[in-house]
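Following: one structure in structure tokens, then a few remarks.
The values are calculated or read from the model by the stated rules, or taken from the named source; none is laboratory data. The shown structure was predicted, so the numbers you read here are calculated from the model rather than taken from an experiment. No Cβ is skipped: glycine too gets one built from the backbone with ideal geometry, and neighbour counts run over all protein chains shown. These accessible areas exclude ligands, DNA and RNA; they are computed on the full protein's heavy atoms, side chains included. Shrake-Rupley method; radii C 1.70, N 1.55, O 1.52, S 1.80 Å.
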Amino acid sequence: MTREELLALALHLKKGFGYAAYRRFVEKFGSLESAVKLGAVELSAELSAAEGEVEKAEKLGVRILTVASPGYPEELLQVASPPLALYLRGELPSGPRVAVIGSRRCSPYGRRIAFRLGKLLSEAGVTVVSGLAQGIDTEAHRGAVRGGGLTLAVLGSGVDRVFPLTNLHLAEEIVESGGGLLSEFPLGTKARKEFFPRRNRIVSGLSSAVVVVEATERSGTFITVDYALEQGREVFAVPGPIDSPYSRGTNRLLKEGAVPLTELSELLEFLGVKGAEVRVPPEFERAYSLLSAPLTADAFAVKLGVQIHEALRLLAQMELLGLVSREGGLYRAC
């Protein structure tokens, strides 16, 4: 890490200072280092803390990208108040990215659509961005991993303090599959309620479009939507039943001008990318063709003409391959 990058990290750790102050120092003095030398800002205590962060990050296999780093994402520099530093575990995928977001409390329908969206996008080479929260975020990440593509989880905690803990295994899968965990919060930072709105500007800022799968009327998802609109990102919303509390927020977005996502392929058309063909191994072709409409395991066994234990074995194998999703007691092709 260069001296300028280290000073940017130190400024990031200094309370009350952000990107606006950084730009002011650089524009006036030519560099942050010059500003420090001329006494425009005192960073001795924070510099020591920054050196400690770098040492901890190296031990944990975490990279720190500051606004002075070559690898800092250009998209974030175009948004209001970009973070001065980002902590990255894993990789920050390049290429098209789409945020798939929604409420923690969601319906089986919402979970299924989020999973299918994540899988469809990742199979088409699009990185899925979300917040690793329970509910819609979790399913979007899971779908992306299952699709064999990349996904980026933006955290409201340090990258070494995954929250919620129930998604710790999923976080490991994201990194192992070539994606990453990203946060502006220093190492060791525990998740706090007030951190999540700050995280959301990064979720939308890194994405070319934001898809809201399900949201209640007072969902925190709308914070991300507001950021997306400010940043000039396209906002899609998945229509839902008018009597479902989980779809009241998304249906309201549609009334307010969000783009209705009625076919998953419409998102790929917007991005200008082609969807990957579903590759079904020959031994599963007949079984897969029967699941264009949802079936119980018993009904599937009858249609396939096999015993229930054989039907369950096939369903489990196809689910592991990402060919089939399960909603309650119903199975259907993805």
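So here's what we get for this one:
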read-out: Degrees between helix 195-205 axis and first principal axis of the chain (Cα, 0 to 90, nearest 10); value: 80 degrees
read-out: Amide H partners (placed H, <5 Å) of residue 133, local residues excluded; value: 138
read-out: GluC sites (Glu not before Pro) restricted to region 242-334 and DSSP loop, no more than 11 other C-beta within 10 Å; value: 256, 263, 277
read-out: For region 288-334, projected area of the alpha-carbon convex hull averaged over all directions, nm²; value: 2.7 nm²
read-out: Quotient of C-alpha Rg and 2.2 N^0.38 Å, computed over region 69-138; value: 1.28
read-out: Integer Hz, Karplus 6.51/-1.76/1.60 couplings in order for region 141-147, x for Gly and Pro; value: 5, 4, x, 5, 5, 5, x
read-out: 3J(HN,Hα) from dihedral phi, region 59-65, Karplus parametrisation 6.51/-1.76/1.60, rounded to Hz, x for glycine, proline; value: 5, 8, x, 10, 9, 10, 10
read-out: Over the chain, equivalent-ellipsoid semi-axes from the Cα gyration tensor in Å; value: 42, 21, 16
read-out: Long-range amide H partners of residue 209 with built H, under 5 Å; value: 99
read-out: Distance histogram in 5 Å bins (all Cα pairs of region 1-145, percent per bin); value: 2, 9, 16, 16, 14, 13, 11, 9, 6, 3, 1, 0
read-out: Nonlocal amide H pairs with residue 280, under 5 Å, H built at 1.01 Å; value: none
read-out: Compactness of region 20-65 - radius of gyration and Dmax, Cα, Å; value: 13.0, 36
read-out: Distribution of pairwise C-alpha distances over region 156-206, 10 Å bins, in %; value: 25, 55, 20
read-out: Pairwise label distance in nanometres, residue 306 with residue 166, each label 7 Å out on the Cα-Cβ vector; value: 3.2 nm
read-out: Cα-based helix-to-principal-axis angle, 3-13 vs the chain, degrees rounded to 10; value: 70 degrees
read-out: Rounded Å value of the spacing that divides the Cα centres of region 125-177 and region 44-99; value: 18 Å
read-out: Per-residue ³J(HN,Hα) for region 157-169, Karplus 6.51 cos²θ - 1.76 cosθ + 1.60, θ = phi - 60°, Hz, x for Gly and Pro; value: 7, x, 5, 9, 10, 4, 9, x, 4, 4, 9, 4, 5
read-out: Extended-chain gain in nm, criterion 0.36 nm per residue less alpha-carbon gap, residue 283 and residue 29; value: 84.7 nm
read-out: Simple spin-label estimate for residue 217 and residue 45 in nanometres, 7 Å along Cα-Cβ; value: 4.7 nm
read-out: Length gained when the stretch residue 298-residue 38 is fully extended (0.36 nm per residue, less Cα-Cα span); value: 85.9 nm
read-out: The chain - percent of accessible surface contributed by carbon and sulfur, probe 1.4 Å; value: 52 percent
read-out: Estimated D of region 103-244 in µm² per second, where Rh is the Kirkwood radius over Cα pairs and Stokes-Einstein applies at 20 °C, 1.002 mPa s; value: 143 µm²/s
read-out: Nearest 10 degrees, 0 to 90: helix 19-29 Cα axis against the chain principal axis; value: 40 degrees
